[in-house]
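Novice: Below is the structure I would like to discuss, written out as structure tokens.
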Amino acid sequence: MNLYRNLTIKQKQIVWAWTFLAVPVVFYSVIRFYPTATAILISFQDWNLLGARTWAGFDNYIKLWNDPVFWKVFRNTFAYLLIGTPVSLVLSFVIAYHLDKVRFLHGFMRMMYFLPFMTSAVAMAWVWRWFYQAVPIGLFNNILASFGIAQIEFLNSTTNALPAVLAPAVWAGLGFQVIIFMAGIRAIPTSYYEAARIDGVGWWVVLTQITLPLLRPTIVFIVVFSSIGFLRIFDHVFNMTTNNPGGPLNATKPLVLMIYDTAFNSFNMGYAAAQTVVLFTILMIVSLIQLRLLRSN
Amino acid sequence: MKTFKGLAAATLTASSALLASSAAADVEIEYWQYFYDARVTAMEQLIDGFEAENPGITVKMTHFPYADYRTKVAAAIPAGEGPDVVQLFYGWLNDYIAADLIQPLPVDTFSPSDVDKDFFPMVQAMKKDGVYYALPTAVRSLALFYNQRLFDEAGITEPPANLNDLIEVAKKLTKRDGAGNITQVGITTGMTAQDHHWFREGLIRQFGGTPYNDGYDTVSYNSEAGAAALQYYTDLEKLHGVTASGFMDEPQAAFKAGRAGMHIDGSFRIGSLKAIRGLKWGVAELPAAVDGTQSNYSSYWVNAVTTKAEGEKYEASLKFMSYITSDAAMQIWLDVVGELPAKPSVGLTEANANDPVFGPFIKGLSYAHTTVFANESSQRQVLVDMVARTDIEDQPIAESLAIAAEAEQKILNEYYAD
């Protein structure tokens, strides 16, 4: 007790701050940091879940570097990111921009866009999987066939499969982004628009000089949020291609699916952990770059 | 905890000794399996029978969802908490032995030569260095399911006897729409389902080759026979047009929907097919090669005594092992679960061997081979990719086969390196 009494006010504040922080710190250590540290540890070991863990040094990382599947998966993951993020950003902005101007049944329309976001990804993926099937059960191909157009291989193709899997993923996330954009648009003071109207400038100038610049924080948020989402894409891919996880010749396999497969089908925990560490690093770098961009504003 | 358990056991022993006035000490052993309704029911019946025959021994069964099974076993046995007798997939045997989770069956109770003689030959995959580590109650094999209604419609009276007949029959069963799109396949295909087993242990051997060497650690299908088998398999779709890989998403779905004339699948599919109303189906043995060679694939779940079982628990566990691998137990398993007996003495009884549904599967057992997998899902993926390369990228057969053999050898090398 004497010890405490002798502390300065500043030091006492620190003691109390840490006392209150203890709960979240413990929680974070147990829930976040401990597993992360263990994963990093396991990535340097060999472990098949059954026997003892043995040290493997950098073997798992060397194997990863020389694994052609990993590089294919790496490219796929970035394809999801580099196609998915801009497409969903532009689409959600266009929708939000016009939805904002709609007066008739506005709430209902907004709900219709938001609905996919609330739906289970698993259910959604299976419905889309059915849409993509060949004649006689696939919706899209049945429509094509009824017009006498040749069928399209959506999922059983090395070129079409990735966009085909990405489409429902983009569509599913759209509702959330639309809502965020609309909130951003509504947060812009109307006085700017009134001034613009008095000056008599056209809609294009209003859009590029007022709306978009003022939406920058919103855009940065959505970019960060959706890029993390696309880098971690799993449920859509897994459920649309459960027969052959990752599509034909790994055409759609993202990093998370590779990790899952290595860990729970091959029981190769060390190798899966090494992949996890790589994913973790990518996510961290991408997030840090994006947060830096955010700070400069 | 240990003392508490000891005390509880002592109390139990004392009270049951009073009740049953039996001299033998009571032992409780634990049995673990993964959860599947019919399997649990069958095991409950077996446990009841075993306990009636062996007063003083009780068996406690615990089951887990399949997804958690491996993790739970791995965590529990080294901690001394797990099962005394455990059920495992045959493909996991090496891993279980390496991790010191199970112990060999003693040769005086389970004489290897008796097991060799009494069981169907594929259980020999459970033998290491001359001793058996595990034994199955039931096994699974492949057969050809056919849609009786479609057969009648096409005027086909007999299921195909050989691989050439298969093509001819499949041609009669295939239907296309005006634009030439397949609307009904003669036979389902898809390496992602059971076809990879059919290809490895069926087709390759029937074309005169072997999929692997005897130890299953060297790939040997990159041969003329392998190429002929792959040619035959891919021709079904590309040359004869009697199938479409991935038709209706999954082969069994196409068959259940009545859109497939024939379908190769395992005996475990019987239950779910029986549940489809309005589907009239039959079962035939896998078509033989043109020269009559027959070959099949078999897989199974086995039971083993864990390293946790010691002393009287070990003795009790062995008794339980003997009981659940007895003829009577196998008949119960066939009746309740629908899985095939692991011994000819049960499988080849008049009633079982001539059963219209189980019969073809049981006959298949006598010429079945069991692939010893290092990593089943990765090894399957190699074959899935092999067919995809010829299908989507038009890669020549020989080239795709060579790539597959090399990729699979790499998996085996990695596994057997340690």
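The values are calculated or read from the model by the stated rules, or taken from the named source; none is laboratory data. Predicted, not measured: the structure shown is a model, and the values here were computed from it. Neighbour counts run over all protein chains shown; Cβ positions are idealised from the backbone, glycine included. Quick note on the areas: whole protein, heavy atoms, side chains included, nothing else; ligands and nucleic acids left out. Shrake-Rupley method; radii C 1.70, N 1.55, O 1.52, S 1.80 Å.
Novice: When only residues in region A:38-66 that are over 15 Å from A:Met269 (Cβ atoms) and either in contact with a Pro (Cβ under 7 Å, 6 or more places away or on another chain) or without any contact (Cβ under 8 Å) to a residue 12 or more places away in the chain (or both) count, which is farthest from the other protein chains (Cβ to nearest Cβ)?
Specialist: As a first pass, look at region A:38-66 and keep what is over 15 Å from A:Met269 (Cβ atoms): A:57-58, A:62, A:65-66.
Among the residues that remain, those that are also either in contact with a Pro (Cβ under 7 Å, 6 or more places away or on another chain) or without any contact (Cβ under 8 Å) to a residue 12 or more places away in the chain (or both) are: A:62, A:65-66.
Values: A:Ile62: 13, A:Trp65: 16, A:Asn66: 11 Å.
Ranking the qualifying residues of region A:38-66, first place goes to A:Trp65.
Novice: For B:Ser400, state whether it is in contact with a Lys or Arg (Cβ under 7 Å, 6 or more places away or on another chain), crowded, with 16+ Cβ neighbours inside 10 Å and not in a loop (DSSP other than H, G, I, E, B). Steps first, please.
Specialist: On the way: in contact with a Lys or Arg (Cβ under 7 Å, 6 or more places away or on another chain): yes; crowded, with 16+ Cβ neighbours inside 10 Å: yes; not in a loop (DSSP other than H, G, I, E, B): yes.
The answer is yes for B:Ser400.
Novice: Continuing with the same structure: Exactly one condition in (1) under 21 Å from B:Phe199 (Cα atoms); (2) open to solvent by 10 Å² or more (accessible area, probe 1.4 Å); (3) not assigned by TED's automatic domain parsing to the domain that holds B:Glu201 is false for B:Pro159; which is it?
Specialist: It is condition (3) that B:Pro159 fails.
Novice: In the list A:Leu231, A:Leu155, A:Leu144, A:Leu162, which residue meets the criterion of being at pLDDT 90 or above, within 14 Å of chain B (Cβ to nearest Cβ) and within 17 Å of the chain's Cα centre (by Cα)?
Specialist: On the way: A:Leu231 fails: within 14 Å of chain B (Cβ to nearest Cβ); A:Leu155 fails: within 17 Å of the chain's Cα centre (by Cα); A:Leu144 fails: within 17 Å of the chain's Cα centre (by Cα).
After ruling out the rest, the residue left standing is A:Leu162.
Novice: Tally up the residues in region A:246-297 that are among the hydrophobic types (A, V, I, L, M, F, W, C), facing another protein chain (nearest Cβ under 10 Å) and open to solvent by 20 Å² or more (accessible area, probe 1.4 Å), please.
Specialist: The first filter runs over region A:246-297 and keeps only residues among the hydrophobic types (A, V, I, L, M, F, W, C), leaving A:249, A:251, A:255-259, A:263-264, A:267, A:269, A:272-274, A:277-280, A:282-286, A:288-289, A:291, A:293-294.
Of the ones still in play, those that are also facing another protein chain (nearest Cβ under 10 Å) are A:249, A:251, A:264, A:267.
Right, trim to open to solvent by 20 Å² or more (accessible area, probe 1.4 Å) and you get A:249, A:264, A:267.
Counting residues in region A:246-297 that are among the hydrophobic types (A, V, I, L, M, F, W, C), facing another protein chain (nearest Cβ under 10 Å) and open to solvent by 20 Å² or more (accessible area, probe 1.4 Å) gives 3.
Novice: Among what's in region B:99-120 and is open to solvent by 10 Å² or more (accessible area, probe 1.4 Å), touching a residue at least 40 places away in the same chain (Cβ under 8 Å) and not aromatic (Phe, Trp, Tyr), pick the residue that is farthest from the other protein chains (Cβ to nearest Cβ).
Specialist: In this case the residue turns out to be B:Asp118.
Novice: Separate question: Can you tell me which residue among A:Leu21, A:Leu82, A:Leu91 is more than 14 Å from every other protein chain (Cβ to nearest Cβ), at pLDDT 90 or above, part of a helix (DSSP H, G or I) and closer than 30 Å to A:Asn268 by Cβ? Don't jump to the end; show me each part of the working.
Specialist: Details: A:Leu21 fails: closer than 30 Å to A:Asn268 by Cβ; A:Leu91 fails: closer than 30 Å to A:Asn268 by Cβ.
Just a single option satisfies the conditions, and that option is A:Leu82.
Novice: Take A:Thr241 and decide whether it is free of Cβ contacts under 8 Å to residues at least 24 places away in the same chain and within 14 Å of chain B (Cβ to nearest Cβ).
Specialist: Values: free of Cβ contacts under 8 Å to residues at least 24 places away in the same chain: no; within 14 Å of chain B (Cβ to nearest Cβ): yes.
Against the criterion (free of Cβ contacts under 8 Å to residues at least 24 places away in the same chain and within 14 Å of chain B (Cβ to nearest Cβ)), A:Thr241 does not qualify.
Novice: While we're looking at this one, here's another question. Return the total of residues in region B:237-259 being more than 12 Å from chain A (Cβ to nearest Cβ), surrounded by 21 or more Cβ atoms within 10 Å (Cβ to Cβ) and among the aliphatic types (A, V, I, L, M).
Specialist: Looking only at that region, the number is 1.
Novice: Follow-up. If A:Gln177 satisfies every condition in (1) open to solvent by 40 Å² or more (accessible area, probe 1.4 Å); (2) at pLDDT 90 or above but one, which is the exception?
Specialist: (1)
Novice: Restricting the search to region A:169-199, which residues are among the β-branched types (Val, Ile, Thr) and farther than 28 Å from A:Leu81 by Cα? Write out each step before concluding.
Specialist: Of all residues in region A:169-199, those among the β-branched types (Val, Ile, Thr) come to A:170, A:178-180, A:185, A:188, A:190, A:198.
Correct list: A:Ile188, A:Thr190, A:Ile198.
Novice: Can you list residue pairs whose Cβ atoms sit under 9 Å apart, with the first residue in region B:385-404 being farther than 13 Å from B:Thr234 by Cα and the second being at pLDDT 95 or above and in a loop (DSSP other than H, G, I, E, B)? Count only pairs 6 or more apart in sequence or on different chains.
Specialist: That search, which allows pairs on different chains as well, returns B:Ala402/B:Asn222; B:Ile403/B:Gln395; B:Ala404/B:Tyr221; B:Ala404/B:Asn222.
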